[in-house]
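First the structure, in the form of structure tokens, and then the observations on it.
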Amino acid sequence: MSKALVLFSAGQDSATCLAWALTRYYQVETIGFDYGQRHRVELDQRPILRAALGAWRGADRLGEDAVVDLRGYGALAESALTADRAIAMAECGLPTTFVPGRNLVFLAVAAAHAYRRGADTLVAGMCETDYSGYPDCRAETIAAMQAALRLGLDRPALRIETPLMRLSKADTWALAHALGGDALVALIEESSHTCYAGDRTRRHDWGYGCGACPACDLRAKGWRAWRAKRA
Ligand code: ZN
């Protein structure tokens, strides 16, 4: 199996993607982005969650990590995720948390890093099921980006894997369970970070968060739906 680079933010989705990649590729590296996100606490959770996942499955498989400073881009693409603005629905029908082109920028930067590191697969947690209307999470967008990167980097074998694309948030918990049972689920509950408000003071059964923002809401609903299915 080839070498993969996982876009790893320390959220539930990218944690599941990293676990998925660790079961499939002989070598896995990670990349994260500082784009001035309000929930910067996720950057602090990255090394903690990475170490836990490395210990869970093959510390020998988990290679280097890189954090890229994209604060200039974040300032340019100001949204409720990067500036002190209310999280709500905007007139265009997208949440104010939408950062224009975020996944396109992340994938282009990740592809440049993968090129240098000799990785031919990018693994990313985009998901069009619960995607809040973000147009850069659609399968069609990712397929077009893969085609552009293959051409632009002259890497016809480059692949973008999005194992969560068709999954609901409940399915994502189920995937974590299928990959690593209760131990992996407990690890993701405890150490991944999803909350847009950056709250790690309140612990719920589904993990830490304010419990009120759209990200907490999705995570909590998915967790409860998965638990209900198991019961
Ligand atoms: Zn929250």
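Values in this text are rule-based calculations from the coordinates and carry no lab data. Quantities reported herein were computed from a predicted structural model and do not represent experimental measurements. FYI the Cβ positions are ideal-geometry reconstructions off the backbone, even for glycines, and counts take in every protein chain you see.
For the range 106-222, the convex hull spanned by the alpha carbon atoms encloses 123 Å³ per residue. Globularity index of the range 150-202 is 1.62 (Cα radius of gyration / 2.2 N^0.38 Å, N = number of residues).
Mind checking which helices in the chain clear 20 Å along their axis (Cα) and have mean Kyte-Doolittle hydropathy of -0.5 or more, DSSP H runs only? Mind dumping the intermediate values first?
Numbers: long enough: 41-56 (23 Å, 0.19); 102-117 (22 Å, 0.39); 139-153 (21 Å, 0.95); 214-230 (24 Å, -1.15).
Correct list, ordered by number: 41-56, 102-117, 139-153.
With the chain treated as a Gaussian network of Cα nodes joined by springs under 10 Å, which of ARG116, ARG61, ARG71 yields the largest mean-square fluctuation? The residue that fluctuates most here is ARG116.
Towards the positive end of the charge dipole of the chain, with charges on Cβ (+1 Lys, Arg; -1 Asp, Glu), say which of ALA59, LEU7, ILE142 has the farthest Cα. Value: ALA59.
Each principal axis of the Cα cloud of the chain was evaluated for its coordinate range; sorted largest first, these ranges are 45, 42, 29 Å. Using Cα centres only, tell me the gap between the range 24-54 and the range 127-184 in whole Å. Spelled out, the Cα-based centre of one part sits 17 Å from the other.
Magnitude of the charge dipole for the chain, about its Cα centre and with charges confined to Cβ atoms of Lys, Arg (+1) and Asp, Glu (-1), is about 380 debye. Ranked for footprinting exposure by Cβ neighbours inside 10 Å, fewest first, TYR115, TYR26 give TYR26, TYR115. With springs only between Cα atoms under 10 Å apart, run a GNM on the chain and tell me which of GLY32, GLY72, GLY101 wobbles the most. The residue that fluctuates most here is GLY72. Just checking the listed ones, LEU151, LEU43, LEU62: in the Gaussian network model of the chain with Cα springs under 10 Å, the one fluctuating most is LEU151. Residues whose amide H lies under 5 Å from that of GLY63, counting only those 5 or more places away or on a different chain, are VAL28, GLU29; hydrogens are built 1.01 Å from N in the peptide plane.
Candidate cross-link partners of LYS229 among the lysines, defined by an alpha-carbon separation under 27 Å and a same-chain spacing of 8 or more, comprise LYS169, LYS221.
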